[in-house]
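Below is one structure, written out as structure tokens; the observations come after it.
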Amino acid sequence: MPGDPSIAAAMTAFQNYTAVIHDMGVKAHDSNDLAKYADGTVLSLMNDFVAQERRLSVNQQGTETVKVTDAKLDSAAKPPVVTITTCTDDTKFFLVFATGAKKGQPAQTPNKTAYPNVYKVHLGADGKWRVNAVTPESKKTC
């Protein structure tokens, strides 16, 4: 864990966020825990993604690795924000059909390379850190 208590708290929220969204994607189910670690557009998009998984009868399967490569605190921002950069390798983590004749078969072409993501984790008015922005850099590799 980083020495700065704000970065450490934001990192804990980020780690919990990634665990919850992974579970949601694999099981194609909603989680009330997501609101503890995400808000705004990030919260809405993940809930929409899971609803779409159910509609299409797909879910995520495989192994995904998310390695934090950098974490920086902007304490002057209102509210304070920690920017977390990761290298995400989901080359073996993709959508598969959950039912029917194609059950277990890929429903998409998996990513071919690992790529960076930039997460913004902000301190909410309630004193809790939450992910509120995710920017995938899918045109880049790491």
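The values are calculated or read from the model by the stated rules, or taken from the named source; none is laboratory data. No experiment lies behind these values; they were computed from the predicted model shown. Don't worry about glycine lacking a Cβ; one is built from the backbone with ideal geometry, like all the others, and counts go over all protein chains shown. What goes into the accessible areas is simple: the full protein's heavy atoms, side chains included, and nothing from ligands, DNA or RNA. Shrake-Rupley method; radii C 1.70, N 1.55, O 1.52, S 1.80 Å.
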Per residue value of the accessible surface for the chain (all protein chains in place, 1.4 Å probe), Å²: 57
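If you place +1 on the Cβ of every Lys and Arg, -1 on the Cβ of every Asp and Glu, and leave all else neutral, what size is the dipole of the chain about its Cα centre, to the nearest 20 Debye?
Values: 16 positive and 14 negative charges, 75 e Å.
In debye, rounded to 20, the chain gives about 360.
For the chain, what is the percent of antiparallel DSSP beta bridges, rounded to the nearest 5? Mind dumping the intermediate values first?
Values: 31 of 32 bridges.
Percent antiparallel among DSSP bridges in the chain is about 95.
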Could you point to the label whose value was computed as semi-axes √(5λ) of the Cα gyration tensor in Å for the structure here, given (i) 29, 17, 11; (ii) 92, 11, 9; (iii) 21, 19, 15? (i)
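Ignoring ligands, DNA and RNA, what percent of the accessible area of the range 44-139 is carbon or sulfur (1.4 Å)?
Working: 2970 of 5720 Å².
Accessible surface attributable to carbon and sulfur in the range 44-139 totals 52 percent.
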Tilt relative to the chain, helix 5-27 - C-alpha long axis, 0 to 90 degrees, to 10: 10
Please give the solvent-accessible surface of THR113 in Å², to the nearest 10, using a probe radius of 1.4 Å with every protein chain present. 70
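So what is the 222 nm mean residue ellipticity for the chain from helices alone, if each DSSP H run of at least 4 adds -39500 (n - 2.57) and you divide by all residues, rounding to the nearest 500 deg cm²/dmol?
Numbers: 3 runs with 44 residues, N = 142.
So the helix-based figure for the chain works out to -10000 deg cm²/dmol.
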Relative contact order for the chain, counting Cα pairs under 8 Å that sit 6 or more residues apart, in percent: 24
Residues with amide H under 5 Å from that of PHE94, placed H, sequence gap 5 or more: GLN61
Helix axis angle, 40-56 relative to the chain longest principal axis, alpha carbon, degrees: 10
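In this model, which of LYS103/LYS139; LYS36/LYS128; LYS92/LYS139; LYS36/LYS92; LYS92/LYS120 are farther than 20 Å apart at the alpha-carbon? Before the final figure, lay out each step's value.
Details: LYS103/LYS139 30 Å; LYS36/LYS128 8 Å; LYS92/LYS139 18 Å; LYS36/LYS92 28 Å; LYS92/LYS120 25 Å.
Correct reply: LYS103/LYS139; LYS36/LYS92; LYS92/LYS120.
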